[in-house]
DNA sequence: ACCCAGGTGGCCC
DNA sequence: GGGCCACATGGG
């Protein structure tokens with residue numbers, strides 16, 4: 001047993017991804033993701049946060065909550081115009097509102113409005129189903145799979161790609177290739193935490209310019225975190 | 001006045 | 001299969 005996580009020997013023989021996980025977890029602690037109370041809220045958040053800061057998404061979700069629209073049946077019955085008003089702060093509001101509508105329509109028509117029934121399906125089948133919906137691409141689908149359906153799927157986002165490149169973990173831009181790499185190097189119970197930790201890392205050190213994630217590495221190096 | 005944010009779909013070649 | 005572009009608000 002190792003008694004000190006900062007001891008270099010502790011990391012010997014570990015893959016870069018495993019090591020990064022340990023080091024980020026030591027530095028930042030548990031992230032308690034996804035920030036949502038229900039699985040439907042995860043779905044809504046995942047769609048709204050596409051190329052949008054979480055701060056803006058929170059405003060939109062707050063509005064939906066106040067109007068009692070954070071519910072499959074309620075949203076299904078609500079006019080598109082109302083959804084658009086609520087979702088406005090999250091940007092791209094025309095298409096996002098439309099895509100939320102399409103999602104709830106799918107759940108109502110195929111699962112009698114029971115989202116959990118849909119989420120209990122087999123992973124691969126569910127992934128294909130999600131990807132077939134307009135407005136749900138790989139990252140959004142995998143966020144829903146991991147955080148709403150509790151499936152062992154790792155989520156790759158722009159931050160993850162950037163950090164991988166800068167740290168020399170992988171130069172690949174291929175989504176599936178990166179996903180396979182993380183899934184191979186982590187336990188399924190770590191997928192949730194790792195994705196959240198990478199986002200936290202990026203938020204702390206990659207704020208201003210894309211290039212500055214080079215300083216992520218150097219800053220954390222100085223602190224002997226990485 | 002820029003640049004960016006926890007992407008996606010549609011078009012082009 | 002890759003390279004652009006529109007989509008839109010709010011914060012630095």
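Tabulated results
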quantity	calculated
Members of segment A:45-70 that are more than 16 Å from DNA strand C (Cβ to nearest atom) and assigned to a helix (DSSP H, G or I)	A:65
Neighbours by Cβ (under 8 Å, 6+ apart or cross-chain): first from segment A:69-91, on the phi > 0 side of the Ramachandran plot; second outside any helix (DSSP H, G or I)	A:91/A:51; A:91/A:52
Qualifying position, being assigned to a helix (DSSP H, G or I) and either in contact (Cβ under 8 Å) with a residue 40 or more places away in the chain or more than 16 Å from DNA strand C (Cβ to nearest atom) (or both), among A:178, A:126	A:126
Qualifying residue in segment A:107-118 (condition: modelled with pLDDT of 95 or more and within 16 Å of DNA strand B (Cβ to nearest atom))	no
Segment A:139-160, subset over 17 Å from residue A:199 (Cα atoms) and crowded, with 16+ Cβ neighbours inside 10 Å, residue farthest from DNA strand C (Cβ to nearest atom)	A:149
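The rows are residues; the columns are (1) more than 27 Å from residue A:26 (Cβ to Cβ); (2) assigned to a loop (DSSP other than H, G, I, E, B); (3) modelled with pLDDT under 95.
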{"position": "A:121", "(1), (2), (3)": "yes, yes, no"}
{"position": "A:133", "(1), (2), (3)": "yes, yes, no"}
{"position": "A:154", "(1), (2), (3)": "no, yes, no"}
{"position": "A:159", "(1), (2), (3)": "no, no, yes"}
{"position": "A:164", "(1), (2), (3)": "no, no, yes"}
{"position": "A:171", "(1), (2), (3)": "no, yes, yes"}
{"position": "A:182", "(1), (2), (3)": "no, no, no"}
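The values are calculated or read from the model by the stated rules, or taken from the named source; none is laboratory data. Keep in mind the model is a prediction, meaning the values are calculated, not measured. Cβ atoms come from the backbone with ideal geometry, glycine included; neighbour counts cover every protein chain shown.
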